[in-house]
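Worksheet: the structure to be examined is printed underneath.
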Amino acid sequence: MPKFKLNTHISARFNIELENLRNSVLTMGGAIEQQLSDTLIAMRDNNRGLAEKVVFNDLNVNSMEMQIDEECLRIIAKRHPAASDLRMVLTVAKTTTDIERIGDEIERIARMIAKGKLPDSADIIKNMLSIGNHVMEMLRGTLNAFARLDSQAALLMYREDEKIDAEYKNLLSDTVAEMQRNSEKLEDWLEVLWAVRALERVGDRCKNICEYVFYLTQGKDMRHSPMESLQEKLEDLR
Amino acid sequence: MVKLFERNVLDLHNLPAEKTAIEVRDFSLQFGNKPVLKDISMAIPKHQVTALIGQSGCGKSTLISCFNRMNDLVADCQYQGEVLIDGRNIYDQRENVALLRTRVGMVFQRPNPFPMSVYDNVSYGLRLQQEKSRRVLDNTVEQALKDAALWDEVKDRLFDSALTLSGGQQQRMVIARALALKPEILLLDEPTSALDPLTTLYIEELINKIKHQCTVIIVTHNMQQAARVSDYTAFMHQGKLIEFADTDTLFTLPQKKSTEDYITGRYG
Ligand SMILES: Nc1ncnc2c1ncn2[C@@H]1O[C@H](COP(=O)(O)OP(=O)(O)O)[C@@H](O)[C@H]1O
Ligand SMILES: [Mg+2]
């Protein structure tokens, strides 16, 4: 497959438009990283004010998604992109949808903190923070893979999700155990459960984005390749 | 809220005079007893690229030919209404039509090089205006060819016959010939329909650059070209102006059903 080049069109405007489009995703990605990092700080410090700020900022993330979506539509209507350009525009559209959903998940967690509903179990909070930090790493790595159109990094991040899922399962059974012990506070614990689930979902969304980056750069869909051949591919790339 | 993309779109219904290149007011035109343009009103923005699209025969060429009164050459042509450039009606009896045609240049579908050298082609209009200074002519030819993105290809063969150039080069030379007169407005009537796709993209890129020097109005039967090259697009149907809007809006959210039908390739 021909190497990926964005800025070599005869139309200088088109070059600029594609470059801006890609940058807009990075801007949105930066905003979402900030949202997650604020949420984790709010969780650690039980800082309800900061959590409220995150809830409020989600509107900004939503607006970014709408703007990028509109721009993708405009470019498709106006430029009729083909081949790698078309894949790029579609990837941007799909990626921003996932980032926006990541924003919704983060907002859910922040809402719980803002309402003062953090569980009164230091262990659970510690484990939530631990998954949260892991998810943060995955999010950052995923956005970097997108920024550099780096299929190897995308593949590595893709595989992080397995670990997050494992941590999630452990935390889930701990949480359920707490619920059984504190059945009088069931509703509060349900919220915790949702928040834990939200963290895990962020990982899933990152995984989607990794798939798009892989498809964009390699022209192949990694969802339909068996894991072994992915492994081989990873070796190849090294 | 963070604004990710900058876009300045002019309000075509309230275009201030200093941003208006051409204002068409209730303009109608007939060839004999055949109505060809029907009550057209529009304000075309200055230093922008405006595209005219619509089915063949809907009156696009006739409309742009009104902007430099090329239709005067057609025998039984009658018109009503006004076309204002810089606030003056160019159909006024006192209008100097020869001067008008240097202010409003025109390029046609097929390149029409004169059978003479590249240099003589590009300097033709200036010499008609009695420009004699060699230096002025040299400078103008060079600048116009540079603006038309042709200089590098022809600088060593300025005195070869223009007929030896390729089709795409000839069309750029014709554009240079128009630019040499420093027109305020440049009319392009399907300027790339005789050219290959890649050459077409080069000409489109050129159009995007020259809009800083003059207002560009382009007729094209190629909707994708209109979408790519223009800032504003007018859709015409059977002699009427159906919709005139910024190109992004017209191609993503047209207001009229017949526009939507046309740009999506449906039966109207
Ligand atoms: N010189 C002319 N005499 C009579 N009819 C003409 C003349 N020029 C154009 N027409 C008619 O005017 C209509 C509009 O033509 P034109 O402006 O060339 O359409 P377009 O450029 O949109 O294809 C057509 O029906 C055409 O036949
Ligand atoms: Mg025509």
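No lab work stands behind these numbers, since they all come straight from the coordinates. Since this is a predicted model, take the numbers as computed values, not measurements. Cβ atoms come from the backbone with ideal geometry, glycine included; neighbour counts cover every protein chain shown.
Worth a mention:
- Put simply, the convex hull of the Cα atoms in region B:1-143 casts, on average, a shadow of 13.4 nm².
- Most mobile listed residue (B:GLN213, B:GLN170, B:GLN255) in chain B, GNM with C-alpha springs under 10 Å: B:GLN255
- Simple point charges give the picture: +1 on the Cβ of Lys and Arg, -1 on the Cβ of Asp and Glu, and for the protein assembly as shown a dipole about the Cα centre of about 1560 debye.
- Cα centre as origin, Lys/Arg/Asp/Glu Cβ charges: region B:12-263 dipole, Debye: 440
- Summary of packing: across the peptides B:52-59, A:214-221, the per-residue average of other C-beta atoms within 10 Å ranks them, highest first, as B:52-59, A:214-221.
- Under Karplus coefficients 6.51, -1.76 and 1.60, residue-wise ³J(HN,Hα) of region B:140-156 in Hz, glycine/proline x: 5, 4, 4, 4, 5, 5, 5, 4, 8, 6, 10, 3, 4, 7, 10, 4, 9
- Using C-alpha pairs below 8 Å separated by at least 6 residues, the relative contact order for region B:12-263 is 28 percent.
- Average projected area [Cα convex hull, region B:191-246], square nanometres: 4.2
- Charge dipole of chain A about the Cα centre (unit charges at C-beta), most positive-ward option of A:ASN133, A:ALA82, A:LEU118: A:ALA82
- For region A:140-175 versus region A:82-138, the gap between their alpha-carbon centres in whole angstrom: 11
- Candidates A:ASN57, A:ASN47, A:ASN20: whichever shows maximal mean-square fluctuation once chain A is modelled as a Gaussian network with Cα springs under 10 Å: A:ASN20
- Peptide A:70-80 is shielded by partner chain Cβ atoms: per residue, an average of 5 of them sit within 10 Å of its Cβ.
- Of the beta bridges in region B:12-263, as assigned by DSSP with both residues counted there, near 60 percent are antiparallel.
- Per-residue 3J(HN,Hα) values for region B:91-107, derived from phi via the Karplus relation 6.51 cos²θ - 1.76 cosθ + 1.60 with θ = phi - 60°, read 8, 4, 4, 7, 4, 8, 5, 4, 5, 3, 6, 7, 6, 10, x, 9, 10 Hz in sequence order (x marks Gly and Pro).
- Selected from A:ALA145, A:ALA77, A:ALA153 as most flexible by GNM, with chain A as the system and alpha-carbon contacts under 10 Å: A:ALA77
- Charge dipole of region B:1-122 (Cα centre as origin; +1 on each Lys and Arg Cβ, -1 on each Asp and Glu Cβ, all else neutral): 280 debye, rounded to the nearest 20.
- Using the alpha carbons alone, the radius of gyration of region A:12-232 stands to its Kirkwood radius in an Rg to Rh ratio of 1.03.
- Prolate is the label for the protein assembly as shown. Its Cα gyration tensor axes, ordered a ≥ b ≥ c, give a/c of at least 1.5 and a/b above b/c.
- Given A:LYS94/B:LYS257; B:LYS182/B:LYS209; A:LYS94/A:LYS115; B:LYS132/B:LYS182; A:LYS185/A:LYS207, the pairs whose alpha carbons are separated by over 24 Å: A:LYS94/B:LYS257; A:LYS94/A:LYS115; A:LYS185/A:LYS207
- Near B:MET236, the amide H atoms lying under 5 Å from its own belong to B:ILE53, B:GLY54, B:ILE242; only residues 5 or more places off or on other chains count, and H is placed 1.01 Å from N.
- Comparing B:LEU52, B:VAL2, B:ALA180 along the charge dipole axis of chain B, the residue lying farthest to the positive side is B:ALA180, per the Cβ-charge model.
- Most simply put, the protein assembly as shown has about 60% antiparallel DSSP beta bridges, counting only bridges with both residues inside it.
- Region B:219-263 and region B:126-140: distance between their alpha carbon centers, rounded to Å: 40
- Two numbers describe the Cα atoms of chain B: Rg and Dmax, which are 18.9, 60 Å.
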